[in-house]
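**Q** I have a structure here, written as structure tokens, and I will follow up with some questions on it.
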Amino acid sequence: MQRPPSEEFSLKETSPKIAGSGNYSVGDKLTCTYDLVEQMQYLYVRVVKAKELPHKDVTGSCDPYVEVKLGNYKGITRHFEKKSNPEWDHVFAFSQDRIQSSFVEIIVKDKDVVMDDFIGRILFELHDVPRRVPPDSPLAPQWYKLEDKRGEKLKHGEIMLAVWKGTQADECFAEAWHSDAATVGREGISKIRGKVYLSPKLWYVRVNVIECQDLVPSDRNKPLEACVKVALGGQSTRTRISPVKTANPTWNEDIVFVAAEPFEEGLMLTVEDRGNKDEVLGKCLLPLHSVNRRWDNKTVQSRWHNLEKHPMYDGEKKEVKFASRIHLRVCLDGGYHVLDESTNYSSDLRPTAKQIWKSSIGVLELGIISAKGLSPMKTREGRATTDAFCVAKYGNKWVRTRTIIDNFSPNWNEQYTWEVYDPCTVITIGAFDNGHLHGSNKDLRIGKVRIRLSTLETERVYTHSYPLIALHPSGVKKMGEVQLAVRFSCTSYINMLHKYSQPILPKMHYVHPLSMSQTDTLRHNATQIVSTRLARAEPPLKKEVVEYMLDVGQHIWSVRRSKANFFRIVNVTSNLVGLVKWFDSICHWKNPLTTLLIHVLFVMLILSPELILPTFFLYLFVLGIWRYRWKPRHPPHMDIRLSHADAVTYDELDEEFDTFPTSKGSDVVRMRYDRLRSIGGRIQTVAGDLATQGERFHSLLSWRDPRASALFVTFCLMAAIVLYVTPFQVVALLGVFYVLRHPRFRTKLPSMPANFFRRLPSGADRML
């Protein structure tokens, strides 16, 4: 596959006309709420209500609605049937960049089957419309007498209106009908509005199943193989079969689930006899709102709960209470951070319980300005189009911009704010195509950007155009660019620096750690809960959007990601390899002057050993100051070279986009399995070599090879005697001079210690 040019996927610094970047005066910045986005001017018309409207129908009724016209743009309210005093409370927003008229016309009409009847109208000259700038109070609506088409006042009929000029900082902006969405029907307006969402508050439900008493199986002659099935909504698991085969089994087993407030489902425990066709021996339902909550490592008191049984008599279920009991310790753990993201780039590291939150250290402000060059995502009426919106996620707050209809270079100019509790967190911004306006039921992903806050300088406004990169079955592709403005403001620099010395995760993760398999399962369940809750909002934040923002599916095997991680390791170890090569060149006198200087330095350090550590740290200090000149000036962005997306083959991409379980034929699966075996074989060989070296080291004193161990023990005794009678400086100087000896005193054969170490036994000769 041909590599795309790296310049196409590079980050570009921009200079938008925003107050935060210094393009506005200080006075403008103080009066401007949105100082990280370009100010967009709008004409707002708020239609509140009408009264005493005249009847136009033959039946003597009136079905009124309002039509707001400004040039070629027209907005319509909903109509009321047979109501002379309707209340709409609807806001219309017309972008002043597209206004081609000197007046705005508000027309009241009567809905009819054939042709709507004209009731009255109001005209406003645009130069007479007042301007409102937040934080000014909203403009109060007023009553206006309706006029006929000749401009004369009607005897009956008034309408309450408010007309003003403002910006996107106006409170009405999010709920208003926009002129750039004129092609969307009134029923589709709710699907394109911008919204702020809050993730549900997640808790870990920890269940310690201890024991049962007095179980009553149907067949008392058979040994009881009891287990407990614990279910919470769609999450369920079973304990192991109790080793006690009596009516009083014990388990003492921990089970952890994820639950979200408000708790809609209870915890169901079912005791089953696995040896008798999973016979139900009793059930117990625990409402979560009655369960104790904790946010520290204090022990929760255990309780006995009665088990209930529901036998069937003549097809009817009858509830029977009996003496069987189950001993449980149940609590809602809020001392954990419920993982809905990878901790490598989590946006929130706080525990669930607010009682143990620390104070915030700063504020993150994000301005989503615009996008350009977006790829067409669908076809409408034979024409390629894109209805783009952006989603940003940080902490438990999700934001969604309004959808810009049919535009490959949309301008959002919306600004959002978050409190920051940890600087080592990441904000994610994703761009999507709205698929809910014209029959589709899925939002298509365009691309996303991640920005780590710790890489940003405080109080500085970063304005850049980020490439939106997507990986398709055909290869990596640039889907456009999104222009963002980001500012991280710090309220306490000392508190922020103190965060670097604190544990990343809350205390409970270290006091009562979760296993890796538990963590993966709980993260998956938490993601499902969050996506389900956000999909119930209006407009919904669909499941595919939430999963893309949370990187669901990244743990599935991918040849591309495996190669990328391998080259990351190579890149990390390259400095160490370079240091070894440099030292080897010193030892082989490839640069005699440098080798002589190293000899002098070693002699000085050996004669004055107290200078070794100060010299080492001074070197690191000088190196850090020297590299300050090359520190990154831009925030990080998606790197196709680091992701190994520019050199991936078509077959590897096809495997990465395959479903799980696979949907491919047997021949393709066999080929991929053979390739995976080949890659796994190499990893297996490297792991075996590492194990061999470690086992040889352990065999020095294990006497598995008695002659080798005897030689090593004898050497240790002689070395101890020599080092005891010889000054340390002399030994160190002789050792350094030997390592740095001239090439004429060297041989290409391995050294004696290397030969001895390679002859030591390992576990490889005992492997099958």
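The values are calculated or read from the model by the stated rules, or taken from the named source; none is laboratory data. From a predicted model like this one, the values you see are computed outputs, not experimental measurements. Every residue, glycine as well, gets a Cβ built from its backbone with ideal geometry; the counts of neighbours run over all protein chains shown.
**Q** List every residue pair whose Cβ atoms sit under 7 Å apart, with the two residues 6 or more apart in sequence or on different chains, where the first one lies in segment 539-560 and is under 18 Å from F657 (Cβ atoms) and outside the structural domain of H472 (by TED's automatic domain parsing) and the second, anywhere, is modelled with pLDDT under 80 and outside any loop (DSSP other than H, G, I, E, B).
**A** S558/E656; V559/E652; V559/E655; R560/E652; R560/E656
**Q** Oh, and also: If I405 satisfies every condition in (1) farther than 25 Å from I640 by Cβ; (2) among the β-branched types (V, I, T); (3) in contact with a strand residue (DSSP E or B) (Cβ under 7 Å, 6 or more places away or on another chain) but one, which is the exception?
**A** (3)
**Q** Out of G395, G367, report the one residue that is buried (at least 17 other Cβ atoms within 10 Å of the Cβ) and within 30 Å of H512 (Cβ to Cβ).
**A** None of the other options fit; the residue is G395.
**Q** Please go through segment 478-525 and give me each residue that is surrounded by fewer than 17 Cβ atoms within 10 Å (Cβ to Cβ), closer than 25 Å to L550 by Cβ, among the polar types (S, T, N, Q) and touching a residue at least 60 places away in the same chain (Cβ under 8 Å), ordered by number.
**A** Correct list: Q518, T519.
**Q** Taking the stated definitions as given, is V420 of a type in the set (A, V, I, L, M, F, W, C), touching a Gly at 6+ places or on another chain (Cβ under 7 Å) and within 25 Å of Y500 (Cβ to Cβ)?
**A** When the stated conditions are applied, V420 passes them.
**Q** Next question, about the same structure. Go through segment 553-567 and give me each residue that's touching a helix residue (DSSP H, G or I) at 6+ places or on another chain (Cβ under 6 Å) and either among the hydrophobic types (A, V, I, L, M, F, W, C) or farther than 18 Å from S678 by Cα (or both).
**A** Filtering segment 553-567 down to residues touching a helix residue (DSSP H, G or I) at 6+ places or on another chain (Cβ under 6 Å) leaves 558-560.
Across segment 553-567, the qualifying residue is only V559.
**Q** Going through F621, F660 one at a time, which residue ends up being loosely packed, with under 14 Cβ neighbours inside 10 Å and assigned to a loop (DSSP other than H, G, I, E, B)?
**A** Criteria check complete, one pass: F660.
**Q** (1) over 30 Å from E125 (Cβ atoms); (2) at pLDDT 85 or above: which one isn't true of K51, the others all being true?
**A** Result: K51 passes all but (1).
**Q** Out of all the residues in segment 230-247, which are in a loop (DSSP other than H, G, I, E, B) and surrounded by fewer than 16 Cβ atoms within 10 Å (Cβ to Cβ)?
**A** Selection gives G234, R240, P243, V244, K245, T246.
**Q** From V391, V363, which residue is under 19 Å from the mean Cα position of the chain (by Cα), at pLDDT 95 or above and within 19 Å of V196 (Cα to Cα)?
**A** None of the others qualify; the one that does is V391.
**Q** Identify, from the list L597, L642, L653, L605, the residue that is surrounded by 10 or more Cβ atoms within 10 Å (Cβ to Cβ) and part of a loop (DSSP other than H, G, I, E, B).
**A** The match here is L642.
**Q** Now for a separate question. Which members of segment 55-83 meet the condition of being surrounded by 17 or more Cβ atoms within 10 Å (Cβ to Cβ) and either modelled with pLDDT under 85 or part of a loop (DSSP other than H, G, I, E, B) (or both)?
**A** Answer for segment 55-83, where residues must be surrounded by 17 or more Cβ atoms within 10 Å (Cβ to Cβ) and either modelled with pLDDT under 85 or part of a loop (DSSP other than H, G, I, E, B) (or both): K56, C62, D63, T77, H79, F80.
**Q** I'm trying to understand the selection: among the residues of segment 480-533, which are more than 18 Å from P423 (Cα to Cα) and β-branched (V, I, T)?
**A** Across segment 480-533, the qualifying residues are V482, V511, T519, T521, T527, I529, V530, T532.
**Q** Here is a further query. Answer yes or no as to whether V730 is at pLDDT below 85 and aliphatic (A, V, I, L, M). Quick ask: steps written out before the conclusion?
**A** Values: at pLDDT below 85: yes; aliphatic (A, V, I, L, M): yes.
For V730, the condition - at pLDDT below 85 and aliphatic (A, V, I, L, M) - is met.
**Q** Tally the residues that are within 20 Å of Y394 (Cα to Cα) and assigned to a loop (DSSP other than H, G, I, E, B), restricting the search to segment 460-491.
**A** Residues flagged as within 20 Å of Y394 (Cα to Cα) and assigned to a loop (DSSP other than H, G, I, E, B) within segment 460-491 amount to 2.
**Q** A further question on this structure: Just for strands (runs of 3 or more DSSP E) wholly inside segment 353-400: which have at least 2 residues that are in contact with a Gly (Cβ under 9 Å, 6 or more places away or on another chain)? Quick ask: steps written out before the conclusion?
**A** Values: elements: 362-372, 378-380, 383-385, 388-394, 397-400.
Answer list for segment 353-400: 362-372, 388-394, 397-400.
**Q** Hey, does segment 191-208 have a residue that's surrounded by 12 or more Cβ atoms within 10 Å (Cβ to Cβ) and part of a helix (DSSP H, G or I)?
**A** Yes: segment 191-208 contains one or more residues that are surrounded by 12 or more Cβ atoms within 10 Å (Cβ to Cβ) and part of a helix (DSSP H, G or I).
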